[in-house]
């Protein structure tokens, strides 16, 4: 049984991030986009490795009290094992510790697995971005999570955070 600890990723980890991008997304970020974001500290990347290989990651930004999930990916062979939930739980823990007010994300309408995960963590759909994804013009569903209004106390949240 693997520990699946969440670690902070940096520039040295980008080859693993790019491998997951290729496996998981039809519309991918470039290495240069990740590099620029990390160098300018525009976002952070957390990951889970197994035997030295990156098997899941989440990229997110926190700006002016708002968090945005930019990307979350799990290697196809490691899906449905709770890795996405583990990463999302850590992002939300960091956000609570940093007094972030709210979080946002968008997700493909067809990505029901991800939608279920986000809803379990308290994200609520607040809108639709029509024809958002350039590869097939699929709509994106826009989700919000409010930390101050009792949201964000999803699976894996310590009892003290749920009661606060």
Taking Cα atoms of region 29-155, Rg/Rh with Kirkwood Rh, to two decimals?
0.95
Once you have the Cα-Cα distance between residue 4 and residue 53, take 0.36 nm times their residue separation minus that, and quote the gain in nm to one decimal.
16.5 nm
Zone residues, region 1-35, relative to residue 111, backbone N less than 15 Å from point 7 Å out along Cα-to-Cβ:
20-30
Find how many whole Å separate the alpha carbon centroid of region 92-141 from the alpha carbon centroid of region 46-66.
16 Å
Expressed as a whole-number percentage, the relative contact order of region 6-163 with C-alpha contacts under 8 angstrom and at least six residues apart is 18 percent
Extension gain, residue 80 back to residue 28 (0.36 nm per residue minus Cα-Cα distance, nm):
16.5 nm
Hey, rough spin-label estimate for residue 120 and residue 64, points 7 angstrom out along Cα→Cβ, what's it come to in nanometres?
3.4 nm
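Rule-based calculations on the coordinates, nothing more; no lab input. Values in this document were obtained by computation on a predicted structure and should not be read as measured data. Counting neighbours? That spans all protein chains shown, and the Cβs are built from the backbone with ideal geometry, glycine included.
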